[in-house]
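> If you scroll down you'll find the structure; I have some questions about it.
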Amino acid sequence: MHPPTAGPGLFILGGIELRGVSDEQRDRLLTQSKVVALLAYLALAPHGRHQRRDRIVGLLWPELDQQHARTALRKAIHLVRGALGSEALLARGDEELALAPNALWCDATDLRDSTDAGRLARAVDLYRGDLMPGFHLAECAEFDAWLEDQRTQALERVVAAAWALAQHLETDSRLTDAAHMARHAARLAWNDERVLRRSLGMLERLGDRAGALRLFDAFARRLRLEYESEPSPETIAVVAALRR
């Protein structure tokens, strides 16, 4: 998936990439974990809303006093403007900061906007995996909590989009595509048995009982491997009915 414009693009679903800038500028930003965190935080701000600097320094430099934390933020802003342009970050007074409109496309922001606008297929295409997988800032527990919440929201959005798309495809009698999307939704939310049961029910309606059983078997194996647990009685009952 490529940005809709030729400008810089921040890809944080399934990995962390910055495209549309020189290799030198990209490396200068991506090797600074707190600069990456700053970009992600501003990119995911609802509707591009300005963020208070005291909030940002509290998230990213909680170990520093206010003076040194603000100095660190100014250095990060300088790096971003050097790579993305002097107008990429907008200051509102001395206390608020935001990404300029169209300064930086972000796949996670596009995913959120696409689900809100009902562009279900685009939302599903955008999701390449967890938001900023494995990213962690030492001594920044509040930022890590914010990031985990953003990960959960992104996954919930794409699962809802995939399931809604499966239903639309079934209604349009595009049965093969509907079955594929139902399986995709279940795999995205692999440990959510409610999504699994809905997907099993759709596959049965579409005449793909064998595919439904394969989907369940893969889920059960992974559940035992990762959680040393067994499927719920509700799911077992659904599968027993399928086998009959």
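> Is it the case, given these coordinates, that Leu90 is assigned to a strand (DSSP E or B) and touching a Gly at 6+ places or on another chain (Cβ under 8 Å)?
Working: assigned to a strand (DSSP E or B): yes; touching a Gly at 6+ places or on another chain (Cβ under 8 Å): no.
So Leu90 fails the test.
> Please go through the stretch 144-181 and give me each residue that is more than 22 Å from Val36 (Cβ to Cβ) and touching a His at 6+ places or on another chain (Cβ under 7 Å), ordered by number.
Ala162
> Next up: Could you tell me which numbered condition Gln51 fails, if it satisfies all but one of (1) surrounded by fewer than 16 Cβ atoms within 10 Å (Cβ to Cβ); (2) within 23 Å of Glu142 (Cα to Cα); (3) of a type in the set (S, T, N, Q)?
(1)
> Restricting attention to the stretch 16-44, which residues are part of a loop (DSSP other than H, G, I, E, B) and surrounded by fewer than 15 Cβ atoms within 10 Å (Cβ to Cβ)?
Ser22, Thr31
> Can you say whether Arg122 is in contact (Cβ under 8 Å) with a residue 12 or more places away in the chain, more than 17 Å from Leu18 (Cα to Cα), part of a helix (DSSP H, G or I) and in contact with a strand residue (DSSP E or B) (Cβ under 7 Å, 6 or more places away or on another chain), as far as the supplied structure shows?
no
> Same structure again: Determine which single condition Leu73 fails, assuming it passes every other condition in (1) over 20 Å from Ala141 (Cα atoms); (2) out of contact with any strand residue (DSSP E or B) (no Cβ under 8 Å at 6 or more places or on another chain).
Tallying (1) over 20 Å from Ala141 (Cα atoms); (2) out of contact with any strand residue (DSSP E or B) (no Cβ under 8 Å at 6 or more places or on another chain), Leu73 fails exactly one: (1).
> Among the residues of the stretch 129-140, how many are surrounded by fewer than 16 Cβ atoms within 10 Å (Cβ to Cβ) and in contact (Cβ under 8 Å) with a residue 12 or more places away in the chain? Reasoning before the result, please.
Let us first name the residues in the stretch 129-140 that are surrounded by fewer than 16 Cβ atoms within 10 Å (Cβ to Cβ), namely 129, 133-134, 136, 138-139.
When the remaining residues are screened for being in contact (Cβ under 8 Å) with a residue 12 or more places away in the chain, the result is 129, 133, 139.
Looking only at that region, the number is 3.
> Another question, if that's okay. Provide a single number: the residues in the stretch 85-133 that are out of contact with any Leu (no Cβ under 9 Å at 6 or more places or on another chain) and hydroxyl-bearing (Ser, Thr, Tyr).
Residues flagged as out of contact with any Leu (no Cβ under 9 Å at 6 or more places or on another chain) and hydroxyl-bearing (Ser, Thr, Tyr) within the stretch 85-133 amount to 2.
> The conditions are (1) modelled with pLDDT under 95; (2) assigned to a helix (DSSP H, G or I); (3) under 15 Å from Ala43 (Cα atoms), and Ala83 fails exactly one of them. Which is it?
Of the numbered conditions (1) modelled with pLDDT under 95; (2) assigned to a helix (DSSP H, G or I); (3) under 15 Å from Ala43 (Cα atoms), the odd one out for Ala83 is (3).
> Given (1) in contact (Cβ under 8 Å) with a residue 60 or more places away in the chain; (2) under 30 Å from Ala161 (Cβ atoms); (3) part of a helix (DSSP H, G or I), identify the lone condition not met by Ser114.
All conditions pass for Ser114, except number (1).
> Examine the stretch 1-8 for a residue that is among the hydrophobic types (A, V, I, L, M, F, W, C), under 17 Å from the mean Cα position of the chain (by Cα) and modelled with pLDDT under 95, and state whether such a residue exists.
For the stretch 1-8, residues among the hydrophobic types (A, V, I, L, M, F, W, C), under 17 Å from the mean Cα position of the chain (by Cα) and modelled with pLDDT under 95: present.
> Right, here's the next one. Give Glu148, Glu96, Glu87, Glu139 a once-over and let me know the one that is of a type in the set (D, E, K, R), within 30 Å of Gln66 (Cβ to Cβ) and under 16 Å from the mean Cα position of the chain (by Cα).
Among Glu148, Glu96, Glu87, Glu139, only Glu148 is of a type in the set (D, E, K, R), within 30 Å of Gln66 (Cβ to Cβ) and under 16 Å from the mean Cα position of the chain (by Cα).
The values are calculated or read from the model by the stated rules, or taken from the named source; none is laboratory data. Predicted, not measured: the structure shown is a model, and the values here were computed from it. FYI the Cβ positions are ideal-geometry reconstructions off the backbone, even for glycines, and counts take in every protein chain you see.
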